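The structure under discussion appears below in the form of structure tokens.
The values are calculated or read from the model by the stated rules, or taken from the named source; none is laboratory data. Predicted model, so just to flag it, every value in this text is computed and none were measured. Backbone-built Cβ (ideal geometry, glycine too); neighbour counts: all protein chains shown.
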Amino acid sequence: MPSFDVVSEIDKPELTNGLHQANKELSTRFDFKGTDARVEQSASTLTVYADNDFQVRQAVDVLCQKLAKRGIDLICLHYREIEEVGGGKARQVIDLKEGIDTELGRKLIKQIKDKKLKVQTAIQGDQLRVTGKKRDDLQQVIAFLREAEAGIPLQFNNFRD
């Protein structure tokens, strides 16, 4: 029976390459000379450091440009407030949203069922599995989900015939 998975993932190598490019530009730009502007990555967050909140905003703009050029959808970034850190420094934490949570999964399943297509959809952890008897029905679901406003970038993988 044909099936595919609907996931929301960030391409980690492209994210790392975008971070390196952003850090390189921040170290060479004239308006950041003599500052400690940088972007650091942890497991599921990015942290932007700079001397003041204006420079943090500028560094975030540079980061967003580099990530967009690398093909990373900026919808998956969730920006927190800019915090003042001791010594006249500022930082902003950016959360990376990955996976389809249960609430969004239920919403997507309801939208698929409302389309009256002959497919079954199930939540499997942080992804959705869509199965059906006909390949054409699955392709209609993919086309529908590409146009739907999910609030996160969706990818379709593991298509099996």
**Asked** Which one is surrounded by the most Cβ atoms within 10 Å (Cβ to Cβ), of the residues in the range 21-69 that are within 22 Å of the chain's Cα centre (by Cα) and among the β-branched types (Val, Ile, Thr)?
**Response** 48
**Prompt:** Of the residues that sit in the range 30-58 and are in contact with a Leu (Cβ under 6 Å, 6 or more places away or on another chain) and not in a loop (DSSP other than H, G, I, E, B), which one is modelled with the lowest pLDDT?
**Reply:** 32
**Message:** Being touching a Ser or Thr at 6+ places or on another chain (Cβ under 7 Å), buried (at least 19 other Cβ atoms within 10 Å of the Cβ) and in a loop (DSSP other than H, G, I, E, B): is that true of residue 72 here?
**Reply:** no
**Request:** Give the range 147-161 a look and list any residue that's exposed (fewer than 12 other Cβ atoms within 10 Å of the Cβ) and part of a strand (DSSP E or B), or say none.
**Result:** 157, 158, 160
**Request:** May I ask you to list the residues in the range 1-27 that are at pLDDT 90 or above and of a type in the set (S, T, N, Q)?
**Result:** 16, 17, 21, 23, 27
